[in-house]
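Report on the following structure.
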Amino acid sequence: MNDKLVNNPQPVTEPPGKTALFISLNIKKTAEAEALVKSFCTDFPALIRSMTIRDPERHFRGILGFGSDAWDRLFKSPKPAKLHTFKEIKGQTYTAPSTPADLLFHIRADRMDHCFEFARQIMVKIGAAVTYQDETFAFRSFDGRSMIGFIDGTENPTGNDAVDFAIVGDEDPQFKGGSYVLIQRYVHDLDAWNKLPVEQQELAIGRKKFDDLELSEQEKPSNAHNVLTNIKDDKGNDLKILRDNLPYGSPAEGVYGTYFIGYAKDPAVTERMLSNMFIGVPVGNHDRLLDFSTALTGALFFVPSYALLGELAGK
Ligand code: HEM
């Protein structure tokens, strides 16, 4: 067993379900509200177990993360070493906004009714203590296609690699088994994207649209999405994150979006990818995908292991 699993991480590295509900909330600034949310940390694993038992075949999984301000208010110190408020990234043309929140729920299952019921149970427990910030119902589309029609998630690490890239280890021993999660909700100009010839779309992503084959290094332009997000450390080793993006939208309102969610043991990796996308490499050479995609939200959270979650309630 990977040593990082000893503290029983939340199900960050387990395979995605077919639907997801993403909820961002803020905690009211009263002592009662903070106490209620803290005591909820003990309830949360039991709520998950109950949902899982009720229909084990639906791969129900719920994940709870805390923003930096919420951590300071609820648990004070010690604090996860890399937890901070996500800072806006302003490129010459596009900006990744910062819209911090106190709590993130990433609820996944094969059926939306399971996600919905779990969200309802959460709100029964803590509804009096929180205010609404964002709620997105997202779905798996056909063979894992993103809203822009390309397969999303191919280069994700799997198995032991997923644990290595996404879960905190001995570099921050008190928070071992945790994970940093960065979210951004995007909307796409799908009309403009769909008017782009498929060959141009493929150059924007760096892969073939129909069969997901990767373009050769010679074919990929320097502003392709998979060029700017493919990063290495100073020894030449790959730096990866674990993504679980899903499409969402409202055709009747003309909203077509992607909910980006990336887990990492170090949020600097995700932020470097974002900097490459928005500021560009070299500066000004931004990700071509951004000409068709606008980030509306952006926030960072820490997802404690189950072991730590239990201790936090008593702090
Ligand atoms: C507009 C929202 C986004 C869409 C629709 C999107 C879609 C895609 C697609 C289709 C791929 C190729 C298949 C794959 O390897 O998964 C990909 C790759 C990737 N994306 Fe995104 N993405 C989005 C935002 C982001 C953001 C914000 C980040 C990082 C902060 C990111 C990081 C990555 C990484 C690391 C890869 C793999 C690159 C490689 O090593 O080949 N993506 N994305």
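The values are calculated or read from the model by the stated rules, or taken from the named source; none is laboratory data. As the structure is a computational prediction, the values presented were derived from the model and not from experiment. Here the Cβ is made from the backbone with ideal geometry for all residues, glycine too, and neighbour counts use every protein chain on show. These area figures cover heavy atoms from the full protein model, side chains too; ligands, DNA and RNA do not enter into them. Shrake-Rupley method; radii C 1.70, N 1.55, O 1.52, S 1.80 Å.
A compact table of results
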| read-out | value |
| --- | --- |
| Set Leu290, Leu274: member being within 12 Å of the ligand (Cβ to nearest atom), more than 17 Å from the chain's Cα centre (by Cα) and open to solvent by less than 20 Å² (accessible area, probe 1.4 Å) | Leu290 |
| Selection from region 134-169 of residues that are open to solvent by 30 Å² or more (accessible area, probe 1.4 Å), among the charged types (D, E, K, R) and touching a residue at least 40 places away in the same chain (Cβ under 8 Å) | Glu135, Arg140, Arg145, Asp152, Glu155, Asp161, Asp164 |
| One residue from Gln174, Gln201 being open to solvent by less than 20 Å² (accessible area, probe 1.4 Å), over 19 Å from Leu242 (Cα atoms), among the polar types (S, T, N, Q) and more than 22 Å from the chain's Cα centre (by Cα) | Gln201 |
| Candidate set: region 76-102, residues that are of a type in the set (S, T, N, Q) and either touching a strand residue (DSSP E or B) at 6+ places or on another chain (Cβ under 8 Å) or surrounded by 13 or more Cβ atoms within 10 Å (Cβ to Cβ) (or both); chosen: the one farthest from Gly65 (Cα to Cα) | Thr95 |
| Qualifying residue in region 217-231 (condition: in contact with a Leu (Cβ under 7 Å, 6 or more places away or on another chain), in a helix (DSSP H, G or I) and within 10 Å of the ligand (Cβ to nearest atom)) | yes |
| Criterion: more than 19 Å from Tyr259 (Cα to Cα), modelled with pLDDT of 95 or more and of a type in the set (Asp, Glu) - qualifying residue of Glu217, Glu155, Glu135 | Glu217 |
